[in-house]
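This report concerns only the one structure given below.
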Amino acid sequence: MKIIRKSAFLCAAASLAIAGCSQNVDSSEETTETEDTEAKKTLWGYGESDGPASWGDLSEDYATCKTGKEQSPIDLPAPSDANITQVSVNYGASEAKIVNKGYTVQADFEAGFTMTSGENEYGLIQFHMHTPSENTVAGKAFPLTAHLVHATEGGDLAVLGLMFEEGEANPQLQAMLDNVDSKVSIDVAAMLPDSLDVYNFAGSLTTPPCSEGVNWHVATKPVTASKEQIETLNELMGNNARPVQPLNDRKI
Ligand SMILES: [Zn+2]
């Protein structure tokens, strides 16, 4: 993500959240902020030697990936009245900068879109993609997920995860795919399922530095993308899903 360094943590969060987020700390998130950050070398990835199982050992900065107790992603239970809540969003259509970060494809926004969760209002910074879905539901992964990364003015991060199942082509994803490394109008509201029932839980960035304190939301109702769109994103990003992490004492 590209948040600004003023919220370094934000960036981190953004990035991680985004997993696609991720590599970025080096490049993406932080990059946006300061050029020196950009120059920082990315240490992590999804390969054999730099993949999720090694992240916590690659750098002291990534220690939380190994020692954290509220790490993302997680396996979510089947939805029920007991574990579902609602959020409200103020999204619309706005020009976004589409960036292929290598470890993810990301859409950066400056539009002032917001998500309200409980008492907190978060501004949309970016969304990015993972194949497969990172968070799972009752042990099942979806083929694709979008992580909409938000932050408060104080830098607290919140993510809204959308699950995609294979089906009708998704026009917003197509706009994204047709404009990688360019700008295009994306209608964020049009990406949402028709009801915004969500799981809500404490989590982390899903990429190094795996910072915790991220207010996670995942919509219970999936949306669709075509087989070709899912395959195209997978070709661009590779498998960029961190495996699910222990729930520990968290409640959903
Ligand atoms: Zn992500």
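Values quoted throughout were computed directly from the atomic coordinates according to the rules given, and no laboratory measurement underlies them. As the structure is a computational prediction, the values presented were derived from the model and not from experiment. When we count neighbours, we look across all protein chains shown, and the Cβ atoms used for this are built from the backbone with ideal geometry, even at glycine.
Condition first: in a loop (DSSP other than H, G, I, E, B) and either within 16 Å of the ligand (Cβ to nearest atom) or surrounded by fewer than 16 Cβ atoms within 10 Å (Cβ to Cβ) (or both). Now tell me which residues in the range 85-94 satisfy that.
Pass one, the range 85-94, residues in a loop (DSSP other than H, G, I, E, B): 87, 91-92.
Within the range 85-94, GLY92 is the sole residue that qualifies.
LYS97 - would you say it is over 12 Å from the mean Cα position of the chain (by Cα), closer than 20 Å to LEU173 by Cα and within 12 Å of the ligand (Cβ to nearest atom)? Spell out how you get there, then give the answer.
Working: over 12 Å from the mean Cα position of the chain (by Cα): yes; closer than 20 Å to LEU173 by Cα: yes; within 12 Å of the ligand (Cβ to nearest atom): no.
No: the conditions fail for LYS97.
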Per-region count, the range 148-176, residues surrounded by 14 or more Cβ atoms within 10 Å (Cβ to Cβ) and either closer than 16 Å to SER94 by Cα or within 16 Å of the ligand (Cβ to nearest atom) (or both): 17
Check on GLN106, of a type in the set (S, T, N, Q), under 18 Å from the mean Cα position of the chain (by Cα) and assigned to a helix (DSSP H, G or I): no
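Inside the range 119-147, can you point out the residues that are in a loop (DSSP other than H, G, I, E, B), within 19 Å of LEU76 (Cβ to Cβ) and away from the ligand (no atom under 16 Å from the Cβ)?
Of the range 119-147, the ones in a loop (DSSP other than H, G, I, E, B) are 119, 131-135, 138-139, 141-143.
Checking the rest, the ones that are also within 19 Å of LEU76 (Cβ to Cβ) come to 131-135, 138-139, 141-143.
Selection gives ALA138, GLY139.
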